[in-house]
Amino acid sequence: MVRTQIQLTEAQARKLRAYARQHDLSLAEVIRRCVEKGLADEAEDRAALYERAAALVGRLPDRRGAKDLAGRHDRHLDDAFG
């Protein structure tokens, strides 16, 4: 374990202490669980975003009709921004 110091609002501390009492857990354990859940939720959100992006790849036609975007993407970018 790594000891760390955090600052909570009064409301956060009150809710965490109440939860800890109700579930017979230490305040530290409740905070560890909350952190772990938050990190897991973030990872799931990122995975969902990647899945949504992957589902779009190749589904939209190029407005100028280009069919070789994968092989000549640098040239197309240069034409678009050059």
Report task. Taking the dipole about the Cα centre of segment 9-58, with the C-beta of Lys and Arg at +1 and of Asp and Glu at -1, give me whichever of Val35, Ala53, Ala18 is farthest to the positive side. Result -> Ala18
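Treating only the Cβ of Lys, Arg, Asp and Glu as charged (+1, +1, -1, -1), what charge dipole size does segment 9-58 show about its Cα centre? Round to the nearest 20 debye.
Value, rounded to 20: 260 debye.
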Query raised in the report: Simple spin-label model, 7 Å along Cα-to-Cβ: Asp78 to Lys37 in nm?
Result: 5.4
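Compute the semi-axes of the equivalent ellipsoid of the chain, taking the square root of 5 times each eigenvalue of the Cα gyration tensor, and list them largest first in whole Å.
For the chain, the ellipsoid semi-axes come out as 51, 14, 11 Å.
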Query - HN-Hα J in Hz across segment 74-82 - Karplus 6.51, -1.76, 1.60, θ = phi - 60°, x for Gly and Pro - result: 4, 5, 5, 5, 4, 5, 6, 10, x
Query raised in the report: With each run of n ≥ 4 DSSP H residues scored as -39500 (n - 2.57), what mean residue ellipticity at 222 nm is computed for the chain after dividing by its residue count and rounding to the nearest 500 deg cm²/dmol?
Result: -21500 deg cm²/dmol
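Read-outs throughout are calculated quantities, based only on the coordinates presented, and are distinct from any laboratory measurement. This structure is a prediction, so every number in the text was calculated from the model and none was measured. Glycine gets a Cβ as well: all are built from the backbone with ideal geometry, and neighbour counts include every protein chain shown.
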